[in-house]
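The values are calculated or read from the model by the stated rules, or taken from the named source; none is laboratory data. As the structure is a prediction and not an experimental result, all values here were calculated from the model. Here the Cβ positions follow ideal geometry from the backbone for every residue, glycine too, while neighbour counts run over all protein chains shown.
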Amino acid sequence: MKLKAIPALFMASSIFSGLCIAAETKKQDCEYFNKELSKSNNTCRDSKLFCKLNYIHGKDQDYQDVDLDGDGIADEIVQSCGAGMGSPCSLYVTPSTSKKQYIYQSEDRFYMFSYNKNYYLITNSSATTALSEQRGKRNILKVTDKNISLYCQGL
């Protein structure tokens, strides 16, 4: 019986180690994002990190060359916002492999960017709001082919 416990202990140790590495990577990513946002004049939308946009019609925008599911084919990602600056925005994500669309809705404007082969949204950030007013209020959300989740808070 003792011999069987060792592989289980090793497996639990490996899982814990993987979680620690992921947590450290997340911490480093959040520190990097905060640094980039701090030195930016506004939202760093001019940065090479931000994804290319194609305006479809009105306020609808199509993010180009974004491959969330890693199949080498661009996924369909459309951002649609109301006409006014205070209007809500939605992100429609349809991965090319599953074709199962999901929708993210927010009361705040957001922008998609790529970093280390992952995709993120920055929220509570605006080119028309002073940087000093944005500090501590911006969030980074991680975008995958299945969902969008909070990654960094209060930058």
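Taking first residues from region 73-99 that are farther than 18 Å from Asp145 by Cα and partners that are among the small types (Gly, Ala, Ser), the Cβ contacts under 7 Å between residues at least 6 apart in sequence or on separate chains come to Ser80/Ser90; Cys81/Ser87; Pro88/Gly82; Pro88/Ser106; Cys89/Ser80; Cys89/Ser106. Name the single residue, out of those in region 64-102 being of a type in the set (A, V, I, L, M, F, W, C) and more than 18 Å from the chain's Cα centre (by Cα), that is modelled with the lowest pLDDT. Ranking the candidates gives Met85 first. In region 124-147, the qualifying residues are those that are part of a loop (DSSP other than H, G, I, E, B) and over 27 Å from Pro95 (Cα atoms), and the one that is modelled with the highest pLDDT is Lys137.
Looking at the structure I just gave you, is Cys51 crowded, with 16+ Cβ neighbours inside 10 Å and at pLDDT 85 or above? No: the conditions fail for Cys51.
Pairs are defined by a Cβ separation below 6 Å, a sequence spacing of at least 6 or placement on different chains, a first member in region 136-153 that is free of Cβ contacts under 8 Å to residues at least 60 places away in the same chain, and a second member that is of a type in the set (Gly, Ala, Ser); the pairs so defined are Gly136/Gly154; Lys142/Ser149. Evaluation of Leu121 against the conditions (1) at pLDDT 90 or above; (2) closer than 26 Å to Lys27 by Cβ; (3) of a type outside the set (Asp, Glu); (4) loosely packed, with under 14 Cβ neighbours inside 10 Å shows that the sole unmet condition is (4). Screening Met1 against (1) farther than 20 Å from Asp145 by Cβ; (2) at pLDDT 90 or above leaves a single unmet condition, (2).
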